[in-house]
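Enquirer: So that we are looking at the same thing, I have put the structure below in structure tokens.
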Amino acid sequence: MLEVRDLIVSIAGNTILDGLNLTVRDGEVAAIMGPNGTGKSTLAYVIAGKEEYEVEGGEILVDGEDILAKSPDERAAAGVFLAFQYPVEIPGVGTMTFLRAALNAQRRARGEDELTTPAFMKRVNEAGAMLEIRKDFMKRALNVGFSGGEKKRMDILQMALLEPSVAILDETDSGLDIDAIRIVSEGVNKLRSAKRSFVLITHYQRLLNYIVPDTVHVMSGGRIVRTGGKELALELEQSGYRDFAPHSAAQPAAE
Amino acid sequence: MPARIVSSRTDAEVALADAYGAAKTRLPGGEAVRHLRDDAFGIFAGAGLPHRRVEAWHYTDLRSLMREALPVAARPNGSSLGAINGELAGRPSFGGGRLVVVDGTFVPSLSDALPEGAGVRSLADVLSEGRPELIDLLAARDFGEGDAVLALNAAMMQDGVVIEIDPGAEIVEPIEIVYATASAQPAASFFRSLVVVGDGAKVRIAESSIGRGGRAGQTFGCLVFKVGDRAEVGHTAAITRSEAGSLRLDSFVADLGARAQFDSFALVDSEGLVRRQLFMRFSGDDAKAQLRGVSLCQGREHVDTTLDVVHRGLGCEGREHFRYILDDAATGVFQGRIRVEKQAQKTDGKMMSRALVLSDEASMHNKPELEIFADDVACGHGATVGSLNADQLFYLRARGLDKRSAESLLLEAFAGELADEVGHEGLVARFRAEIAHWLGERTKAGKGSGGSKG
Ligand SMILES: Nc1ncnc2c1ncn2[C@@H]1O[C@H](COP(=O)(O)OP(=O)(O)OP(=O)(O)O)[C@@H](O)[C@H]1O
Ligand SMILES: [Mg+2]
């Protein structure tokens, strides 16, 4: 369960999130939609613990525990996972080396034993097969030379391995071809569970045909300005965001 | 040349002159070699230890950094050799033959015979025997002209190995040259080795050091490669595990024939002062060479890599890529001079240096220099100095790696990438282990920007 309360965040003196409230219950899939530059990725990064953002107020609770004082790795161990809008290339770091280091680091942090090599390989192979990731990708350096869509799949593979309790997918659908959206969505649907909360940040209603959300939130001006069911996404498809200018309709949307 | 009167010779310069005076009648070689030594010492005496007004030594002011000259190491004795033998026994070998050089002296009794197609003799024997063509190659007169350190090595060379690879021979596993220290007292050693690779031959030479304790010495080494036409040569050097206060001055000379392929990688993880100077010439046409290196520097270490590459042949390809990781108050120096002579058309050259600076007190000096006299060439260079990439660090930490592990993984990747190109599994594994060891020590020392938070 994810609870964001009255979150105020700025960067370089500009307030980006301005008293944001959002609750995603266990087992819930929440979609967040909203205009470019409104702070969706900022919200995702702040939950994951990126340092350059200034949290000026509010709380972020994961399963009831405030995570704001935790480092990114401690948050990961507490169950937070962010699938990046732009996954990072890391030359020289083998994909398998990385996956194993990440998985074992989290297990250690939770007081669990490290996985044996065969157990690890089995998990990776299963996740890779589910997401139809070619085996030779695993032999490459992490994300290096991967296409945009391949990087996104690699992020979802990590999610499958790490089994988070709060998964935030930042525009995982952008850059995916039609088949890849279906494959990735099936992967996500398999990972839906009564114990796991999902936040899907997306610009396109199409993704929500594959991963049917429980709730849809409209974000504008650094706040959630409207919340509804899956039909809200269809409505937005028709009307756009013109009814959701930040703060009040009188202010220009660029502010 | 009348020796310039150097009124203010340093203690080290005086001691080196005395050492040469005392040793010269005992050093190996006949009349011709004695002349070579005297000429070389004349160059050294005239110039003195290089200092910052000598352009090639601007960032490594040896005159002020080398306070004293240690006594020249004596020939190793039986009991010290026994200890080294024990240490060697515990070290895996690749099967290509291991040549052991103790305090600058080649010790056949500790060394292996080389595989068919390769032969080895001591430098002392070769100098005494006096074959002019080998003496000429050893003298390498037209490389590093005027360089006082190279000249000092030529004057004082005690011993070393001379390896000859028959034309067409294929030596599959690396021939190792292992340097060991026996002297209980800090001492200086001067060694020079030569590798003559016949036309079309294939060989790999791997240099490394062993030994614990007593390593705060001064070594003046020189390795000369004469690479025949179409030969394929690999070279690696692990310059590791010396003690604080040591001084290591390595010169490296390579003369490449037509269509030769040459590949060299060095890992420097060594305390004190290290200077590697690499002189390479593409003498024939269509040769390809890669010079690469990784330097891991901490404490007050000072690591200098200086390249002097000359393109003379047509259509040769040169790739130089050096990386540094600098922590604490370490200093890194990279100077790369690439000279493309007028007739060396179609030269394709790329030089790159990258440094990661992990501490405010560490510093990196880069000086690339292209001197191009031919008009139809593609040459470029780049140099970057920076810190670890914040987006990469965050990505790793968001997946659960704590700050130190994430930093180590990125540092290991940065250093390991070049080591991986060595092309011999056993050697790559050794270099990887050495890099991991350095990072492990760094993590143990609690470096790397605080605890898990932050
Ligand atoms: N590192 C940063 N430095 C300065 N400004 C930033 C930084 N990161 C984000 N911003 C600003 O914060 C605002 C919100 O950006 P954010 O990336 O969160 O938007 P978004 O809703 O994810 O947009 P999109 O739909 O285009 O992905 C933008 O105006 C952006 O320019
Ligand atoms: Mg975004």
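Where a number appears in this text, it was derived from the coordinates with a stated rule and is not lab data. Quantities reported herein were computed from a predicted structural model and do not represent experimental measurements. Methodologically, a virtual Cβ is constructed for each residue, glycine included, from the backbone with ideal geometry; neighbour enumeration extends over all protein chains shown.
Enquirer: How many Cβ atoms of partner chains, on average, are near each residue of A:66-76 if near means within 10 Å of its Cβ? Intermediate values should be presented prior to the final figure.
Expert: On the way: counts 0, 0, 0, 1, 2, 7, 15, 12, 5, 3, 7.
What the average comes to for A:66-76 is 5.
Enquirer: Moving on. Please list, in order along the stretch A:207-219, the HN-Hα scalar couplings obtained from phi with the Karplus expression 6.51 cos²θ - 1.76 cosθ + 1.60 (θ = phi - 60°), rounded to whole Hz, x for Gly and Pro.
Expert: 4, 6, 6, 8, 10, 7, x, 7, 9, 10, 10, 9, 10
Enquirer: Restricting attention to the alpha-carbon atoms of the stretch A:33-100, what are Rg (one decimal) and Dmax (integer), both in Å?
Expert: Final numbers for Rg and Dmax: 14.0, 39 Å.
Enquirer: Same structure again: I want the antiparallel fraction of DSSP beta bridges within the protein assembly as shown, as a percent rounded to 5.
Expert: On the way: 31 of 177 bridges.
If I count the DSSP bridges inside the protein assembly as shown, around 20 percent turn out antiparallel.
Enquirer: Which whole-number percent is the relative contact order of the stretch A:2-239 (Cα, under 8 Å, 6+ apart)? Could you put the intermediate results ahead of the total?
Expert: Working: 423 pairs, mean separation 71.2, N = 238.
Over the stretch A:2-239, the number comes to 30 percent.
Enquirer: Something else: Kindly work out what percent of the DSSP beta bridges joining two residues of chain A are antiparallel, to the nearest 5.
Expert: 60 percent
Enquirer: Separation between the B:LYS24 and B:GLU68 pseudo-spin-labels, each 7 Å from Cα along Cα→Cβ, expressed in nm?
Expert: Calculated label separation equals 2.6 nm.
Enquirer: Label the stretch B:14-78 by shape, choosing from rounded, prolate and oblate, from the square roots a ≥ b ≥ c of the eigenvalues of the Cα gyration tensor; if a/c is under 1.5 it is rounded, and otherwise prolate applies when a/b is larger than b/c, oblate when it is not. Walk me through the intermediate numbers first.
Expert: Details: a/c = 2.63, a/b = 1.48, b/c = 1.77.
The shape class here is oblate.
Enquirer: For the stretch A:6-12, just list the computed ³J(HN,Hα) in residue order, Karplus coefficients 6.51, -1.76 and 1.60, θ = phi - 60°, integers in Hz, with x standing in for Gly and Pro.
Expert: Computed from phi, the couplings for the stretch A:6-12 are 6, 6, 10, 9, 10, 9, 6 Hz.
Enquirer: To continue, here is another question. Would you mind checking the radius of gyration and Dmax of the stretch A:2-239 based on alpha-carbon positions, in Å?
Expert: 17.4, 53
Enquirer: Quick one: what do you get for the protein assembly as shown if you divide its Cα Rg by 2.2 N^0.38 Å? Could the numbers behind the result be given before it?
Expert: Details: Rg = 31.1 Å, N = 709, 2.2 N^0.38 = 26.6 Å.
Expressed relative to 2.2 N^0.38 Å, the Cα Rg reads 1.17.
Enquirer: Same structure again: Only Cα pairs under 8 Å and at least 6 apart count here; give the relative contact order of the stretch B:388-454 as a rounded whole percent. Mind dumping the intermediate values first?
Expert: Details: 37 pairs, mean separation 25.0, N = 67.
Taking the mean separation of contacting Cα pairs over the length of the stretch B:388-454, I get 37 percent.
Enquirer: Projecting each Cα onto the charge dipole of the stretch A:118-255 (Lys/Arg +1, Asp/Glu -1 at the beta carbon, about the Cα centre), which of A:VAL199, A:SER174, A:MET138 comes out farthest on the positive side?
Expert: A:MET138
Enquirer: Turning to a different aspect of this structure: Show which aspartates and glutamates lie in cross-link reach of A:LYS152 when reach means a straight Cα distance below 19 angstrom and same-chain residues fewer than eight apart are skipped.
Expert: Here the aspartates and glutamates satisfying the reach criterion relative to A:LYS152 are A:GLU89, A:GLU126, A:GLU132, A:ASP136, A:GLU163, A:ASP170, A:GLU171, A:ASP173, A:ASP177, A:ASP179, A:GLU186, B:ASP391.
Enquirer: Something else now. Is the shape of the stretch B:384-432 best called rounded, prolate or oblate, per the rule: a/c under 1.5 gives rounded, else a/b larger than b/c gives prolate, else oblate, with a ≥ b ≥ c the square roots of the Cα gyration tensor eigenvalues?
Expert: Working: a/c = 3.32, a/b = 1.89, b/c = 1.76.
Prolate, since a/c reaches 1.5 and a/b exceeds b/c.
Enquirer: What percent of all Cα-Cα pairs in the stretch A:1-143 falls into each 5 Å bin, going from 0 up to the bin containing the maximum distance?
Expert: 2, 8, 14, 18, 18, 15, 13, 8, 4, 0
Enquirer: Based on other C-beta atoms within 10 Å, arrange B:THR60, A:THR117, A:THR227 from fewest to most. Numbers along the way, then the final one.
Expert: Details: B:THR60 27, A:THR117 9, A:THR227 15.
Lowest count first: A:THR117, A:THR227, B:THR60.
Enquirer: What base-10 log of the normalised intensity I(q)/I(0) is obtained for the stretch A:113-181 from the Debye formula, alpha carbons as equal point scatterers, at q = 0.13, 0.17, 0.18 Å⁻¹?
Expert: Each listed q corresponds, in turn, to -0.39, -0.66, -0.74.
Enquirer: What does the C-alpha gyration tensor say about the overall shape of chain B? Classify as rounded when a/c is under 1.5, otherwise prolate if a/b is larger than b/c, or oblate.
Expert: Rounded is the answer for chain B, as its axis ratio a/c remains below 1.5.
Enquirer: If a paramagnetic tag sat 7 Å from the Cα of A:ARG5 along the Cα-Cβ line, which residues of the stretch A:29-46 would have the backbone N under 15 Å from that point?
Expert: Backbone N within reach: none found.
Enquirer: Of all DSSP beta bridges located in the stretch A:105-236, what percent are antiparallel, nearest 5? Don't skip to the end; give the middle numbers.
Expert: On the way: 5 of 10 bridges.
Of those bridges, close to 50 percent are antiparallel.
Enquirer: Another one. In terms of modelled amide H atoms, which long-range or inter-chain residues lie less than 5 Å from the amide H of B:ARG292?
Expert: Under 5 Å from the amide H of B:ARG292 lie the amide H atoms of B:SER264, B:PHE265, B:ALA266, B:HIS321, each far enough along the sequence or on another chain.
Enquirer: State which entries of A:LYS190/A:LYS230; A:LYS70/A:LYS122; A:LYS190/B:LYS403; A:LYS70/A:LYS195; B:LYS226/B:LYS350 exceed 25 angstrom in Cα-Cα distance in the structure shown. Don't skip to the answer; put the middle values down first.
Expert: On the way: A:LYS190/A:LYS230 19 Å; A:LYS70/A:LYS122 31 Å; A:LYS190/B:LYS403 32 Å; A:LYS70/A:LYS195 22 Å; B:LYS226/B:LYS350 23 Å.
In this structure, A:LYS70/A:LYS122; A:LYS190/B:LYS403 exceed 25 Å between Cα atoms.
Enquirer: Please check: in the Gaussian network model of chain A (C-alpha springs, under 10 Å), which one of A:ILE11, A:ILE67, A:ILE47 has the largest mean-square fluctuation.
Expert: The residue that fluctuates most here is A:ILE11.
Enquirer: Hey, another quick one. For B:SER246, what residues show an amide H to amide H distance below 5 Å, using hydrogens built from the backbone and excluding near sequence neighbours?
Expert: The list, which skips near neighbours in sequence, is B:GLY272, B:LEU273.
Enquirer: For n ≥ 4 DSSP H runs only, could you compute -39500 (n - 2.57) per run for the protein assembly as shown, divide by its residues and tell me the 222 nm figure to the nearest 500? Mind showing how you got there, number by number?
Expert: Details: 18 runs with 204 residues, N = 709.
Per the formula, -9000 deg cm²/dmol.
Enquirer: While we're on this one: In the stretch A:46-84, which residues have a backbone nitrogen under 12 Å from the label point lying 7 Å from B:ALA390's Cα in the Cα-to-Cβ direction?
Expert: The answer is A:50-54, whose backbone nitrogens lie closer than 12 Å to the label point.
Enquirer: Another question, then. What FRET efficiency comes out for the pair A:LYS135/B:ALA436, r = Cβ-Cβ distance, R0 = 22 Å, nearest 0.05? Each step should come with its number before you reach the end.
Expert: Values: r = 27 Å, r/R0 = 1.21.
Computed FRET efficiency for A:LYS135 and B:ALA436 comes out at 0.25.
Enquirer: Here's another thing I want to ask about it. What is the local net charge at A:GLY175, summed over the other residues whose Cβ is closer than 10 Å to its Cβ (Lys, Arg +1; Asp, Glu -1)? Before the final figure, lay out the partial values.
Expert: Details: positive: A:LYS151, A:LYS152; negative: A:GLU150, A:GLU171, A:ASP173, A:ASP177.
Local net charge: -2.
Enquirer: What residues qualify as long-range amide H neighbours of B:ALA355, i.e. H under 5 Å apart, gap of 5 or more or another chain, H built at 1.01 Å from N?
Expert: B:TYR324, B:THR384, B:VAL385, B:GLY386
Enquirer: Among B:ALA69, B:VAL54, B:VAL195, which residue has its Cα positioned farthest towards the positive end of the charge dipole of the protein assembly as shown, with +1 placed on the Cβ of Lys and Arg, -1 on the Cβ of Asp and Glu, and the dipole taken about the Cα centre?
Expert: The one lying farthest along the dipole's positive direction is B:ALA69.
Enquirer: May I pose another question? For the stretch A:92-107, just list the computed ³J(HN,Hα) in residue order, Karplus coefficients 6.51, -1.76 and 1.60, θ = phi - 60°, integers in Hz, with x standing in for Gly and Pro.
Expert: Whole-Hz 3J(HN,Hα) from phi for the stretch A:92-107: x, 9, x, 4, 5, 4, 5, 4, 5, 4, 5, 4, 5, 4, 5, 5.
Enquirer: If you don't mind, there's one more thing I want to ask. Over chain A, with a Gaussian network built from C-alpha contacts below 10 Å, which listed residue (A:ILE178, A:ILE156, A:ILE224) shows the highest mean-square fluctuation?
Expert: Largest GNM mean-square fluctuation: A:ILE178.
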